[in-house]
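Below is one structure; the comments refer to it alone.
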Amino acid sequence: MTILLKISPPLTPSNNHDWLASMTTGGFSSKQLLEEEKILKLPSLTNSDAIEIGEIATTLGNQRKLPIALQVRIGDWIVFHASLQGSKPENDWWINRKVAVVKLKQHSTMYERVSAEELGVDWHKENKVQDETHAIHGGALPLITDEGFKGILVISGLPQVEDHLFAVEVLTEFLARKGEEL
C-alpha cells in the first residue's frame, strides 16, 4: 500500500481558488489524512520503540541540518525529546500545544486543521479550547497500535506541512525497519 501525501494535480492560483489555503495545509484532504493514520499504525509501542522513533527523527534531522525539536510520548510520559541545532525554546511551547490537540482528538494536528477548514468551522470554538493551549498546526501524529491510541510523535521548527511530512517520513522509516509493508 502506498501513502498518498498530496492531491493531484497540485493546486495553483490558476486551477483552484483554494490555492492559498493549500500552501499552509499541503493540499491534504481529511479523508487522505485519516487513511494515512491507518497506514501508519504501529505493531507495538514500547519504550524501546519510542526511543527508536526519536532516534530516527534525530538522525534524519541532523543529517539535513533541520532546526527542529521533537518529542515522542507514550501517554503523558515524554520518553524521548531532542532539540537539534537551530531549534529554539519556543519549539517546546509549540510541541505542548500540538500535543494538547492530539490528546484531545487522537488524530494528527494536520487532520484537525484540514477537517476544520473543510467544514468551515472554528476548531477552537468547536472544542471549547484556546489557541494559546491547542495548536492545530501540522507536525503531531498519533501513535496508534491495535490497542488504539498510545502516544504521540511531535515535530516543531519547520513550516507546518514540512513538520507533518517529516513526522510521516520518520514513522514510515520506523515501520520499514520493523518489516512492515506500507
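What follows is calculated from the coordinates using simple rules that are stated; it is not laboratory data. Model, not experiment: these values are computed from the prediction. FYI the Cβ positions are ideal-geometry reconstructions off the backbone, even for glycines, and counts take in every protein chain you see.
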Q. Restricting attention to the range 36-57, which residues are touching a Leu at 6+ places or on another chain (Cβ under 7 Å), closer than 17 Å to Leu165 by Cβ and part of a helix (DSSP H, G or I)?
A. Ile39, Ile53, Ala57
Q.
Exactly one condition in (1) touching a residue at least 12 places away in the same chain (Cβ under 8 Å); (2) among the polar types (S, T, N, Q); (3) out of contact with any strand residue (DSSP E or B) (no Cβ under 7 Å at 6 or more places or on another chain) is false for Ser156; which is it?
A. (3)
Q: Please state which one of Val154, Val168, Val161, Val102 is in contact with a helix residue (DSSP H, G or I) (Cβ under 6 Å, 6 or more places away or on another chain) and either buried (at least 21 other Cβ atoms within 10 Å of the Cβ) or among the small types (Gly, Ala, Ser) (or both).
A: Val154
(Q) Condition first: of a type in the set (S, T, N, Q) and either over 16 Å from Asp92 (Cβ atoms) or in contact with a Phe, Trp or Tyr (Cβ under 7 Å, 6 or more places away or on another chain) (or both). Now tell me which residues in the range 126-182 satisfy that. (A) Asn127, Gln130, Thr145, Ser156, Gln160, Thr172
Q. When residues of the range 22-35 are filtered for being assigned to a helix (DSSP H, G or I) and more than 13 Å from the chain's Cα centre (by Cα), how many remain?
A. 7
